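The values are calculated or read from the model by the stated rules, or taken from the named source; none is laboratory data. Note that the structure is predicted; figures quoted are calculated from it, not measured. Methodologically, a virtual Cβ is constructed for each residue, glycine included, from the backbone with ideal geometry; neighbour enumeration extends over all protein chains shown.
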Amino acid sequence: MLALALATPALPLMGCAAPAVAQRAGFASNLPDFADLAERVLPAVVNIAVQGEAVAQAPPEFRGTPFERYFRGRRERTQGAGSGFVIDPTGFVVTNNHVVGASTRVTVSLQNGTELAARVVGTDELTDLALLRVEPRTPLVAVAWGSSNAMRVGQWVLAAGNPFGLGGTVTSGIVSARGREIGAGPFDDFIQTDAAINPGNSGGPLFNVAGEVIGISTAIYSPSGANAGIGFATPSDLARPVIEQLRRDGRVERGWLGVSVQDLVPDDPRSGRRAVLVTDVVRGGPSQRGGLRAGDVVMAVNGERTETSRALVRYVAAIAPGQPIRLSVQRDGRAQELTVLVGRRPPGPG
């Protein structure tokens, strides 16, 4: 199963014997030394503690019994922890949306032990990102964004954060895969890594060897709830414009067509091209007003070929609401050109 890397109580430490290091000629010299990198970037990595309230749920054994009424309307305090990183010395901090959630109090702890009250500038549920603001007395150490698109499978990465409440922790690994879809939402495009990521790492940075942030740790695949060698990070090239919007406007606005779509794959890939089939049109939505119908096949948007529904959704999402787009469609075997004014994507994970 896929489990979000949410915080859990600290676990007791267990000793283990250090493995022997291979001494083959040239082998050790090819392994990276992350000491200088860790020393440089760790001051910008922060721990995040959150407190909030939630509606109390009756235990399963009380549901459907007269005792269930004692839990109705009751609220209970919640708390959690995660990670983040400073992107501006004046006090802007990036983390995951699921770390801050509906919290009523957020505290950011620096590596030197300083605790700062944080304000949530904005959140984006679709990419699971959040931007916080603290008011430091002196400028903070900040890290820079890098290009996730420049990363190749097999390249080294360094993850940093607060796993199991153990702040100031770094782990190393490689990029195991790119463009992973894990069912989190329409903007799935995760970097997969084997760097150890555990509950509490959520919102922490994934660095390249130059010390640039190329991902934000978001989820793990783990039957046990702990590291199993498969972690996922939101790529920086997806996260950076979202964070910039949150900093500027406090929210993210995305384009929306108001359609349900699915991939249309030809029976013989050599005899046809992939396209996108419109399966439903929202009544009164942008597409219906623009003349799009269920059963239309979208071949291109603004002259660019569209081969997958996910690519279509991402393309439209990047367009400002109110802007026109040109859809090249096939309807009943005939080519048509439609102009649709992009709408504003409604809130929600879908």
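Worth pointing out:
- For residue 81, the criteria (1) assigned to a loop (DSSP other than H, G, I, E, B); (2) modelled with pLDDT under 95 hold in every case but one, which is (1).
- Scanning the stretch 290-331 for residues that are among the small types (Gly, Ala, Ser), within 16 Å of residue 275 (Cα to Cα) and exposed (fewer than 15 other Cβ atoms within 10 Å of the Cβ) turns up 294, 295, 303.
- Residue-level check: of (1) at pLDDT 90 or above; (2) surrounded by 12 or more Cβ atoms within 10 Å (Cβ to Cβ); (3) among the basic types (Lys, Arg), residue 334 misses just (2).
- Residue match in the stretch 300-323 (condition: farther than 19 Å from residue 187 by Cα, more than 27 Å from the chain's Cα centre (by Cα) and of a type in the set (Asp, Glu)): no
- Among the candidates 110, 116, 129, the residue that is crowded, with 19+ Cβ neighbours inside 10 Å, under 17 Å from the mean Cα position of the chain (by Cα) and either in the same structural domain as residue 49 (by TED's automatic domain parsing) or not aliphatic (A, V, I, L, M) (or both) is uniquely 129.
- If the condition is being surrounded by fewer than 19 Cβ atoms within 10 Å (Cβ to Cβ) and in a strand (DSSP E or B), then the stretch 134-172 contributes 145, 156.
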